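In what follows, a single structure is set out as structure tokens and then discussed.
Quick note: the coordinates plus some simple rules give every number you see, no bench work behind them. All values derive from a computational prediction rather than experimental measurement. Here the Cβ positions follow ideal geometry from the backbone for every residue, glycine too, while neighbour counts run over all protein chains shown.
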Amino acid sequence: MSNIITMIAPVNIAVIKYWGKRNEELILPLNDSVSVTLNANVMCAKTTVCVSPNFLEDEIWLNGAKESFTNQRLQNCLKEIKSRAAVERSVDDIFLTWKVHICSENNFPTAAGLASSAAGYACLVSALAKAYKIKSDVSSIARLGSGSACRSVYGGFVRWHAGVESDGSDSIAVQIANKSHWPEMSALILVVGDTQKKISSSKGMKLSVETSDLFQFRVQNCVPKRVEEICKAITTKDFVKFAEITMKDSNQFHAICLDSYPPITYMTDTSYKIIEMIHKYNNIHPKIKIAYTFDAGPNACLYLLEEEVPKILSLIQHIFPTSTPDKFITGLPIQHEKIDTDLIKIFSQPHQKDLLKYVIHTKIGDGPTEVIDGSHLLNECGWPTNL
Ligand code: DP6
């Protein structure tokens, strides 16, 4: 007898960034954050969990390779799942003694640094929660794996409340609006070729908390106001306000990185070229049309409404020429538009070739879903199907 569950979970990209913890072990943040969940058909983590009396030990395989189960964050997630199951009496006591096999993979390159841990932990925890029949909020369990993962537990627009309790009981994610509230919301991920060696988010934010003076100012004076304003902009579908706050918050996050000591630089020259292009584009329109945001890496996530997608894509192709045009735009299909020559004239000469690796076109999406077509990553005996 065994229990096998497979789920897929989406990536989320924050518009108000989570940066800084008040508790490292419980992963409790110092500020609220807000994000948009992206379509899991384009970018997702897929995880199969299998619980069985036949397994001798807990085992995990990630992206085709066996990994150690001693990882503290992974252990914390499984421990919390089991203790919730015990409290909720959702499974038999004997089930809690059985070992678990986990196999997980991302359908996008992990190397690109695209919120893979958020999708990965959200998927792992959602699958475990299903296997152990947990009814209570799972965002606080996903949070134990990676802070940003708690927001991938919901679709649409999501707010992670920092909470004030020392045990983290009120540090949970809540959906602000689902994807159908603003279905025109689209995203373009601009994958920058030049992948710098970077310091991890966990280490980076710790350094900022310890050394940046601007950090305290952000947490106390900027984020609370911005969170309220962006939640209102989302509820009222005010794109201009949404975009302005998104860009300002990304810029402030990177300013704090630079104010850390020694400074942390996640963005590259290409990232700044993208920022320049977006501001120029917005300036020639009466209203802001596109927002950019950058996580702990050089890749941009652009938020824009559907109608703007073909135009900006043709501009991107002009400004950032590629030597692999047939592989340059991936993700959801787009309607190609003839390049607007008046628009091009306003912009400078194209940059050198291949500054951008490729672009992913996607939209707002749902939270984790169960895969019911039987395409598990573990076979009936609980071993990876691809090894
Ligand atoms: C810049 O969630 O990766 O993407 O909680 O230590 O695992 P840990 O950090 P992580 O940090 C994400 C930071 C960010 C901003 C955000 O997603 O809000």
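Details
- The chain, helix-only ellipticity at 222 nm - DSSP H runs n ≥ 4, -39,500 (n - 2.57), divided by all residues, nearest 500: -9500 deg cm²/dmol
- The charge dipole of the chain, taken about its Cα centre with unit charges on the Cβ atoms of Lys, Arg (+1), Asp and Glu (-1) only, comes to about 440 debye.
- For I364, I346, the sequence from fewest to most other C-beta atoms within 10 Å is I346, I364.
- Taking all Cα-Cα distances within the range 185-363, those exceeding 24 Å account for 42%.
- Along the axis of the charge dipole computed for the range 185-363 (Cβ charges of +1 for Lys and Arg, -1 for Asp and Glu, origin at the Cα centre), the listed residues P224, L302, L315 are led at the positive end by P224.
- Order of T47, T246 under a 10 Å beta carbon neighbour criterion, fewest first: T246, T47
- Fraction of antiparallel bridges per DSSP, the chain only, in percent to nearest 5: 90 percent
- Legend: residue pairs K66/K130; K327/K357; K273/K311; K17/K206, Cα-Cα distance threshold 21 Å; pairs beyond threshold, K66/K130.
- In this label model, E57 and E370 are separated by 3.1 nm, measuring between points 7 Å along each Cα→Cβ vector.
- Based on Cα contacts under 8 Å between residues 6+ apart, the chain shows a relative contact order of 23 percent.
- Net +/- balance of residues flanking P183 in space, Cβ distance below 13 Å, scoring K and R +1, D and E -1: -1
- Panel order for K232, K289, by other beta carbons found within 10 Å of each beta carbon, from fewest to most: K232, K289.
- Computed from the C-beta positions of I346 and K206, the FRET efficiency with R₀ = 45 Å rounds to 0.55.
- Gain on full stretching of the segment that runs from N3 to K327 - 0.36 nm per residue minus C-alpha separation: 112.7 nm
- For the range 3-179, the alpha carbon positions stretch 45, 36, 28 Å along the principal axes, listed from largest to smallest.
- Separation in nanometres of the label points that stand 7 Å from Cα toward Cβ, at E184 and K287: 0.8 nm
- If both residues of a DSSP beta bridge must be in the range 230-387, then about 65% of such bridges are antiparallel.
- Distance from the range 217-283 to the range 291-351 (C-alpha centre basis), Å: 20 Å
- Neighbour net charge for I13 - beta-carbon separation under 13 angstrom, K R +1, D E -1: +1
- Selection among I234, M247, H279 by position relative to the dipole of the range 234-283 gives I234 as farthest towards the positive end (Cβ unit charges, Cα centre).
- Computed on the Cα trace of the range 151-271, the radius of gyration divided by the Kirkwood hydrodynamic radius gives Rg/Rh = 0.98.
- With R₀ fixed at 56 Å, the C-beta to C-beta distance from S83 to L258 puts the FRET efficiency at about 0.85.
- Gaussian network model of the chain, Cα within-10 Å springs - most flexible of V158, V49, V209: V209
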